[in-house]
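Have a look at the structure below, then the notes.
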Amino acid sequence: LVTLGCVMMRKCHLNNCPVGVATQRDDLRARYTGKPEYPERFFRFIAQELREYMAQLGFRTMDEMIGRVERLKFEPASQHWKAHGLDFSAILQPAGVGPLRCMDKQEHSLEKALDNELITQARPALDNKKPVRIQMPIRNVHRTVGTTLSHEVTKRYGAPGLPDGTIEINLSGSAGQSLGAFLAPGISIRLEGDVNDYLGKGMSGGRIVVVPPPDATFVPQDNIIAGNVILYGATGGEIYLQGVAGERFCVRNSGATAVVEGVGDHGCEYMTGGVVVVLGQTGNNFAAGMSGGIAYIYDESELFDTRCNLDMVELESVTSEADSRQLRTLMENHYQYTGSSRAKMILDNWEAYLPMFVKVMPIDYQRVLERMAGEEHKDTETVSATEEVFK
């Protein structure tokens, strides 16, 4: 970064990098002076210096250096009180027999992945776009379920994927990490149970619904049903969670839609797009670095402003008809997919509960929308004037 012009201002998240490295502002990006040749030359210098050190030590290759602890020079720090009594001689012993570096390829055991069964059962959809319904249990040892299946969809049909709901997967149990990661359009996953971290990571389409088991006795909006870092870097798709999610919900989300009944700290962190509805409390530092997208928070306690990071966002009431319609539509979808009692309560008393919602709006994003609306208005005026001339 330094070779490309970074001056270490440590304000990358504020969108006002003075040298144009970490910003979307055109006026600041114009100051960028970096070229690809700069880091290339820098790494050549590193390689040259490394070769010089290796020559001094008598090594020709990196492989020859690995594990050669006898070539390390030891300088005792006996004068420092923290070093008194420390003995690292056991650590600095030669490794002994056997290879000193990686010699074997890592075994990923992909043939045991749950997606192999999903792909087999989804053949009619993959080959002929015929709708399929899949039902199976899931355990927390099953990771990235749906990812390889999404690869098969994308390989055949590209980014648009399949029509909505072509492949419906119904799971029951406790899902492992990264359920629905990189999910492709046309795949719907419904889980009765709970799920670990990274749900919907990088998803570009499709739908994920997580609800408590049918025999659950706990109150969903008061209990955690999903882990941390949900929708990390997602670009599309929908998620509906009947319960509370962990920390960093929708971090770096750039296009997905999500409805959840509570989140932990750092919700919507670095979010750049998409829409989030939280039907319950949030943790601290909500919206830190949030430069795009919109969030609606059900603020029954009226304390949300004390938990929100206001550096880059403003809090508004949901007053416009467009916002109210968008929020209600997402609430109706949430109730349709999850049967949420919290969503039903709010929908049944819409006029009474609507004032309790707070809209989180990024300041710069609002300016962009206003500028786009102004340009659209000018275009409309131009078209109208042209029509009048031709009349």
note = Listed by first then second residue, the pairs whose first member lies in region 39-57 and is part of a helix (DSSP H, G or I), whose partner is among the basic types (Lys, Arg), with beta carbons under 9 Å and at least 6 positions apart or on separate chains, are Met54/Arg60; Leu57/Arg68; Leu57/Arg71
query = Can Asp197 be described as open to solvent by 70 Å² or more (accessible area, probe 1.4 Å), outside any strand (DSSP E or B), within 20 Å of Tyr240 (Cβ to Cβ) and in contact (Cβ under 8 Å) with a residue 24 or more places away in the chain?
reply = no
message = Just to be sure I understand the filter: pairs with C-beta atoms under 7 Å, separated by 6 or more residues or on different chains, first member in region 64-88 and free of Cβ contacts under 8 Å to residues at least 40 places away in the same chain, second member of a type in the set (Phe, Trp, Tyr) and open to solvent by less than 100 Å² (accessible area, probe 1.4 Å). Which pairs pass?
response = Met65/Phe59
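Evaluate the following for Tyr353: is it open to solvent by 30 Å² or more (accessible area, probe 1.4 Å), assigned to a helix (DSSP H, G or I), touching an Asp or Glu at 6+ places or on another chain (Cβ under 9 Å) and on the phi < 0 side of the Ramachandran plot?
Criteria met by Tyr353.
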ask   = Can you pull out the helices (runs of 4 or more DSSP H) entirely within region 65-174 that have at least 1 residues that are over 27 Å from the mean Cα position of the chain (by Cα), closer than 30 Å to Val210 by Cα and not aliphatic (A, V, I, L, M)?
value = 115-121, 123-128
request  = Can you work out which of the residues in region 330-345 that are touching a residue at least 40 places away in the same chain (Cβ under 8 Å) and out of contact with any helix residue (DSSP H, G or I) (no Cβ under 6 Å at 6 or more places or on another chain) is nearest to Val277 (Cα to Cα)?
outcome  = Leu330
task = Could you grab me the full set of residues in region 201-231 that are charged (D, E, K, R) and assigned to a strand (DSSP E or B)?
result = Arg207
inquiry  = Being more than 21 Å from Leu110 (Cα to Cα), in a strand (DSSP E or B), open to solvent by less than 30 Å² (accessible area, probe 1.4 Å) and touching an Asp or Glu at 6+ places or on another chain (Cβ under 8 Å) is the requirement here; does Ser188 meet it?
reply    = yes
message = Consider region 286-306. How many of its residues are assigned to a loop (DSSP other than H, G, I, E, B), touching a helix residue (DSSP H, G or I) at 6+ places or on another chain (Cβ under 7 Å) and hydroxyl-bearing (Ser, Thr, Tyr)?
response = 1
request  = Would you check if Leu315 is buried (at least 18 other Cβ atoms within 10 Å of the Cβ) and touching a helix residue (DSSP H, G or I) at 6+ places or on another chain (Cβ under 7 Å)?
outcome  = no
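Considering region 1-35 alone, what residues qualify as being among the basic types (Lys, Arg) and not in a loop (DSSP other than H, G, I, E, B)?
Correct list: Arg29 only.
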task = Determine whether region 272-285 contains at least one residue that is among the polar types (S, T, N, Q), within 13 Å of the chain's Cα centre (by Cα), farther than 18 Å from Val210 by Cβ and not in a loop (DSSP other than H, G, I, E, B).
result = yes
request  = Examine region 91-108 for a residue that is within 26 Å of Asn196 (Cβ to Cβ) and touching a strand residue (DSSP E or B) at 6+ places or on another chain (Cβ under 9 Å), and state whether such a residue exists.
outcome  = no
ask   = Can you name the condition, by its number, that Arg252 falls short on among (1) without any contact (Cβ under 8 Å) to a residue 40 or more places away in the chain; (2) on the phi > 0 side of the Ramachandran plot; (3) open to solvent by less than 10 Å² (accessible area, probe 1.4 Å)?
value = (3)
note = Reported set for region 272-287 where residues are closer than 15 Å to Asn15 by Cβ and touching a residue at least 60 places away in the same chain (Cβ under 8 Å) is Ala287
message = Please go through (1) under 30 Å from Gly186 (Cα atoms); (2) open to solvent by 90 Å² or more (accessible area, probe 1.4 Å) for Leu114 and return the number of the only condition it doesn't satisfy.
response = (2)
request  = Taking the options Gly176, Gly146, name whichever one is open to solvent by less than 10 Å² (accessible area, probe 1.4 Å) and either farther than 16 Å from Arg207 by Cα or out of contact with any helix residue (DSSP H, G or I) (no Cβ under 8 Å at 6 or more places or on another chain) (or both).
outcome  = Gly176
query = Residue check: is Ser89 within 30 Å of Pro137 (Cα to Cα) and either in contact with a Pro (Cβ under 6 Å, 6 or more places away or on another chain) or among the polar types (S, T, N, Q) (or both)?
reply = no
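The values are calculated or read from the model by the stated rules, or taken from the named source; none is laboratory data. Fair warning: this is a prediction, and the values are worked out from it, not measured in the lab. Cβ: placed from backbone, ideal geometry, glycine included. Neighbour counts: every protein chain shown. Only protein heavy atoms, including side chains, enter the accessible area calculation; ligands, DNA and RNA are left aside. Shrake-Rupley method; radii C 1.70, N 1.55, O 1.52, S 1.80 Å.
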